[in-house]
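Asks: Quick one: the structure is below, and I'll ask about it shortly.
Just so it is clear, none of the values below were taken in a lab; they were calculated from the coordinates. Here the structure is a predicted model, which is why all the values come from computation and not from measurement. Please note: Cβ atoms are built from the backbone with ideal geometry, for glycine as well, and neighbour counts cover all protein chains shown.
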Amino acid sequence: MQPGYLLAPVLVVLTGLWLKEGFLTHLELSSCAVKNIAFQRPPLTLSEWLTCCPTRPVKRIKKSLSNKMTSRQSKTSLKKAYGSSKEEPEDDYITPGAFELERLFWKGSPQYTHVNEVWPKLYIGDEATALDRYSLEKSGFTHVLNAAHGRWNVDTGPEYYRDMAIEYHGVEADDLPTFNLSEFFYSAAEFIDTALQSDRNKILVHCAMGRSRSATLVLAYLMIYRNMTVVEAIEQVAKNRCVLPNRGFLKQLRELDKQLLLQRQNAQSNEEENLEEKEI
C-alpha cells in the first residue's frame, strides 16, 4: 500500500456529517489520519481532523434536489403568509443606464410620420403639424404644448392660435445634451394631465422634429401621472412613434425615475406601517 492512501471500510466524522461505512478508493490522507484509522481509534472530532489536515480544503456538499425543493416551498409559503403584491417586481427594479435606455428605441418603431398618437388623446408631432392650423382644427385639437418655443425655434405662441379654440403652453428648450429640460418636467406634465381630464380634449406635444424634446416631456408625463417606470414609458411611446431623445435628456429621465421610485417606495412603507398600527 502506498503511504497516504487507504483501501478499507471506514467511518469518519467530517464537518458534523457521518459518512456511512463504505470503501474509499485512493483517498489521500496525511500520515496522522492514516494512523488514527489503521489503529481503529475513535472517530476524529472536527478540530482533530483539521489538525491532521491543516492544508486540505473541505469540499462543500451540494444541496440535493429535495433541499432545493424545500427551499422553493419555503419561499412559496412566505409569499402565501404575507400575501403577494403587484408592486413586488418593482422591489428588484433598478433604473437602467442611459445607454441601455437608448437601446430600447432601437427595437423597432413605426416609420417616421409628422404626428402620432402615443397615448389616448395625446399626440407627438413636428413643426409642420404645429403650423398647420387648418388640420389642427379639423382634427379637433384643443391643446398645444410647444417644447421648442421661442424666436429661434418653432415661433408660434398663443398669438398664433388666437382665433382658434386651442390652449397653448410653451417650453423654451434647446435640443442639446447639456440643456436642463428636467426643470420643465412637472409643469409640462401638469399641463398635459389637465388637458386629458376631459374626453373631448386632444393635445399635441411638439418640437421641431417631434423626436427629442417633445418625446422627453411626454415620457416625463407618463412617469409622473401614469406611474410608469422610464422603461415602461419608453416602450409605450416607442411602439407608436419613431422618437429618440438625446443622451442628456435620457440621463435626466433616469434621475426622475429614481426619484419617483423612491417616493413610491416610501409611500408604500408608510401605508404598510399604517395598516399594522390599525391591526394592533
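Asks: Provide Rg over Rh for the stretch 98-273; use the alpha carbon set for both Rg and the Kirkwood Rh (inverse mean inverse pair distance). Don't jump to the answer; show the numbers that get you there.
Replies: Numbers: Rg = 16.0 Å, Rh = 16.4 Å.
For the stretch 98-273, the value is 0.98.
Asks: Note down the relative contact order for the stretch 98-273 as a percent, whole number, built from C-alpha pairs under 8 angstrom at least six residues apart.
Replies: On the way: 295 pairs, mean separation 55.1, N = 176.
In percent, rounded to a whole number, it is 31.
Asks: Quick one: order Cys207, Cys242 by neighbouring beta-carbon count within 10 Å, fewest to most. Each step should come with its number before you reach the end.
Replies: Values: Cys207 27, Cys242 19.
Ascending Cβ contact count within 10 Å gives the list Cys242, Cys207.
Asks: Where does the stretch 150-246 land on Rg/Rh, using Cα atoms and the Kirkwood Rh?
Replies: Working: Rg = 13.5 Å, Rh = 14.3 Å.
Ratio of gyration radius to Kirkwood radius for the stretch 150-246: 0.95.
Asks: Pull out the extension gain between Glu277 and Asp92, defined as 0.36 nm times the separation in residues minus the alpha carbon to alpha carbon distance; nm, one decimal. Could you put the intermediate results ahead of the total?
Replies: Working: separation 185, 0.36 × 185 = 66.60 nm, distance 2.67 nm.
Extra length available between Glu277 and Asp92 comes to 63.9 nm.
Asks: On to the next question. How far apart, in nm, are the 7 Å Cα→Cβ label points at Thr194 and Asp163?
Replies: 2.6
Asks: A follow-up question, please. Which entries in Lys107/Lys251; Lys107/Lys138; Lys202/Lys239 show an alpha-carbon gap greater than 27 Å? Walk me through the intermediate numbers first.
Replies: Values: Lys107/Lys251 20 Å; Lys107/Lys138 34 Å; Lys202/Lys239 20 Å.
Violating the 27 Å limit, Cα to Cα: Lys107/Lys138.
Asks: Same structure, new question: Could you list Leu131, Leu262, Leu244 so that the one with the fewest beta carbons within 10 Å of its beta carbon is first and the one with the most is last? Intermediate results must be reported in sequence, preceding the final value.
Replies: Numbers: Leu131 14, Leu262 10, Leu244 17.
Fewest to most other Cβ atoms nearby, the residues stand as Leu262, Leu131, Leu244.
Asks: Rounded to two decimals, what is Rg over Rh for the stretch 87-145 when you use alpha-carbon atoms and the Kirkwood radius? List each step's numbers first, then the result.
Replies: Numbers: Rg = 16.8 Å, Rh = 14.7 Å.
Using only Cα positions, Rg/Rh for the stretch 87-145 is 1.15.
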